[in-house]
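Q: Input: one structure, supplied below.
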Amino acid sequence: MQLLDGRVASKAVKEQLKAEVEKIVATGARAPHLAVILVGNNGASETYVASKVKTCAEIGYQSTMVRRDLDITEADLLAEIQKLNKDQSVDGILVQLPLPKHISEQKVIAAIDPTKDVDGFHPVSAGNLTLGMPTFIPATPYGIMLMLEHYQIPTKGKHAVVIGRSNIVGRPMSILLSGNNPYGNCTVTLCHSHTPNLQDICLQADIIVAALGRPGFVQPEMVKDGAIIIDVGITRVEDATAKKGYRIKGDVDFEAVAPKSSYITPVPGGVGLMTIAGLLKNTLVAYENRQEDLRR
Ligand code: GUN
């Protein structure tokens, strides 16, 4: 069993991005700029957003954090997005999800200028991804592809089973793994809550991507010897012995499954760190596209 270490793989990506930003700034140009909107004060969202902003600073990006109260109206949030759409100094816009129930996530995502959609959630980005066109790839599946690339894990011809069909992870992951690209060309089965015989299907998998949000769901009896295990789960589970009162648990029972696997991502310290790497790569692409448009 080899650990797919998000610390190592994300460090490599961040160092590469930092070097690129240094080169850009040395020419006298401004640095890439990510704007993050956070509505309310959901604990997990606060943590993710803080970590995104901190990593921007580490690699030399500019970032702007827009905080709004939980009771902001949909119209006011859409107006905030329009402001950032028009702001020529902003390259990427990210609205942290989930949003409060009175706001339509789909409407908010669709309001983002697709050229600034570094989360890759806009219908234009999703459509391009489906067609195999250049686009912003949602950060978590993108991060997983970067992880496979970092550890040079061959995927061609393998059977990948993705558990979970969310727009953020499972669905785009299934498209990337089945696509004709260096770490794709898999035969993909996308499983969800209505899939019968999940255990039988998982037992046929060379690669399992667990993205359903149920801590410890993937058990050793679901895993073929030598399978590659990618754990996307990051659920907070109460634990009185932990300093913060909770622990982060993945969708895979790591202790039990690791001995059967060839490669496995830990939680924490796996896919989560790669998500930020994916987002920051998208932000650099958004910046470069914008600079190119300005030169035209
Ligand atoms: N909430 C959980 N994951 C994500 C993500 O990748 N992007 C945004 N904007 N919100 C999230």
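Each value in this text was obtained by applying a stated rule to the coordinates, not by laboratory testing. All of these numbers come straight from a predicted model, not from anything done at the bench. Reconstructed Cβ throughout: ideal geometry from the backbone, glycine too, with neighbour counts over all protein chains shown.
Q: What about LYS54, is it surrounded by fewer than 16 Cβ atoms within 10 Å (Cβ to Cβ) and either of a type outside the set (Ser, Thr, Tyr) or in a loop (DSSP other than H, G, I, E, B) (or both)? Let's see the steps before the verdict.
A: Values: surrounded by fewer than 16 Cβ atoms within 10 Å (Cβ to Cβ): yes; either of a type outside the set (Ser, Thr, Tyr) or in a loop (DSSP other than H, G, I, E, B) (or both): yes.
Answer is yes for this residue.
Q: Within the stretch 139-237, which helices (runs of 4 or more DSSP H) (wholly inside it) include 3 or more residues that are out of contact with any helix residue (DSSP H, G or I) (no Cβ under 7 Å at 6 or more places or on another chain)? It would help to see each step written out before you state the result.
A: Working: elements: 139-150, 170-178, 198-203.
In the stretch 139-237, 170-178, 198-203 are the helices (runs of 4 or more DSSP H) which contain 3 or more residues that are out of contact with any helix residue (DSSP H, G or I) (no Cβ under 7 Å at 6 or more places or on another chain).
Q: Quick check on the stretch 207-238: of everything there that is more than 22 Å from the chain's Cα centre (by Cα) and not aliphatic (A, V, I, L, M), which residue is nearest to VAL161 (Cα to Cα)?
A: LYS224
Q: Which one is farthest from LEU198 (Cα to Cα) among residues in the stretch 219-264 that are among the aromatic types (Phe, Trp, Tyr) and crowded, with 17+ Cβ neighbours inside 10 Å?
A: Step one: of the stretch 219-264, the residues among the aromatic types (Phe, Trp, Tyr) are 246, 254, 263.
Next, only the ones that are crowded, with 17+ Cβ neighbours inside 10 Å stay: 254, 263.
Values: PHE254: 19, TYR263: 21 Å.
Once the filter is applied, the top-ranked residue is TYR263.
Q: To continue, here is another question. Test of understanding: among TYR61, TYR48, which residue is surrounded by 15 or more Cβ atoms within 10 Å (Cβ to Cβ), under 22 Å from LYS14 (Cβ atoms), out of contact with any Leu (no Cβ under 7 Å at 6 or more places or on another chain) and not small (Gly, Ala, Ser)? Steps first, please.
A: Values: TYR61 fails: out of contact with any Leu (no Cβ under 7 Å at 6 or more places or on another chain).
Every option except TYR48 fails the conditions.
Q: Sticking with this one: Considering VAL257, VAL267, VAL271, which residue is within 15 Å of the ligand (Cβ to nearest atom), free of Cβ contacts under 8 Å to residues at least 40 places away in the same chain and in contact with a helix residue (DSSP H, G or I) (Cβ under 8 Å, 6 or more places away or on another chain)? Quick ask: steps written out before the conclusion?
A: Working: VAL257 fails: within 15 Å of the ligand (Cβ to nearest atom); VAL271 fails: free of Cβ contacts under 8 Å to residues at least 40 places away in the same chain.
None of the other options fit; the residue is VAL267.
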